[in-house]
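The structure appears right after this line, and notes come after that.
The values are calculated or read from the model by the stated rules, or taken from the named source; none is laboratory data. Quantities reported herein were computed from a predicted structural model and do not represent experimental measurements. Positions of Cβ are backbone-derived with ideal geometry, glycine not excepted, and every protein chain shown enters the neighbour counts. Accessible surface areas use protein heavy atoms only, side chains included; no ligands, DNA or RNA. Shrake-Rupley method; radii C 1.70, N 1.55, O 1.52, S 1.80 Å.
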Amino acid sequence: AVVSTQSTGKFQRIDASLGRIRSKEGCWAVNGCWDGTAVPPSPNCYYSFADNRGYRVLNSTVTVFGMQFDLERIDTIPKMFSNEVEKLKCVISYETDSRLRVRIFDPAETRYVVPMSEHHEQAGHRMQYILSATNNLFGFSVSRTHEASSTVFNSTIEGLIFSDKFIQLNMALSTNKVYGLHRDGLLRRMEYMYESLWTREGLSHGAHPFFMHLE
């Protein structure tokens, strides 16, 4: 797995090349936008937020224990990978008053899921966060209930890609003080840095990136 990190402000671009494309022809080949005047670490090849690359919500269900969404890939943008999944399921569960769980998966395929407690909290019952979602270009955000304008996690920017061997979920965080995403657990640079997460040969559970951000 490859994890890309970037800061806010002048770095608000989704890198379309993972730092590997050096020409506009190569950028156009992956349906990216080319800016030959970009100054590193800002990428020359990037995705425009106006492209609406990602998934739309077909059906949604809201309960006191969370939200469920049936998603369909927006087909106005060519695929980056031939095996991108057309329809997905997203299940968001309120596990405790300070923790929620998000699962995005292909409902047509069966995969191993790590067993976890089935305890769920009811919405509005001492909840310390507010969950919201967008429909036309699916994404979700999490905010604190006791602070105005306190969004701590926001995936409503474009860029959800879900294929058999590649998943991309872009997110905006409330701070650039991010730790983790590597075995040393140290503070990470946020200017388009890439981390390769290797798994041992012969194991099927893959890589599970973990990070923590401090405000």
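Those strands (runs of 3 or more DSSP E) of the stretch 132-215 in which at least 2 residues are modelled with pLDDT of 80 or more, considering only elements entirely within it, cover 139-144, 151-154, 178-180, 211-213. When the stretch 82-104 is limited to residues that are touching an Asp or Glu at 6+ places or on another chain (Cβ under 8 Å) and in contact (Cβ under 8 Å) with a residue 60 or more places away in the chain, the one that is least open to solvent (accessible area, probe 1.4 Å) turns out to be Leu88.
Criterion first (surrounded by 13 or more Cβ atoms within 10 Å (Cβ to Cβ), of a type in the set (A, V, I, L, M, F, W, C), within 21 Å of Leu160 (Cβ to Cβ) and modelled with pLDDT of 85 or more) does Ile77 satisfy it? The answer is no for Ile77. In this structure, does Ala50 turn out to be loosely packed, with under 14 Cβ neighbours inside 10 Å, over 14 Å from Phe138 (Cβ atoms) and at pLDDT 85 or above? In short, no. Here Ile14 does not qualify as at pLDDT below 85, open to solvent by less than 70 Å² (accessible area, probe 1.4 Å) and in contact with a helix residue (DSSP H, G or I) (Cβ under 6 Å, 6 or more places away or on another chain). The one condition from (1) more than 18 Å from Ile161 (Cβ to Cβ); (2) at pLDDT 75 or above that Thr8 does not meet is (2). Mind listing whichever residues of the stretch 53-70 are at pLDDT 85 or above and more than 30 Å from Arg126 (Cα to Cα)? Matches in the stretch 53-70: Gly54, Tyr55, Arg56, Leu58.
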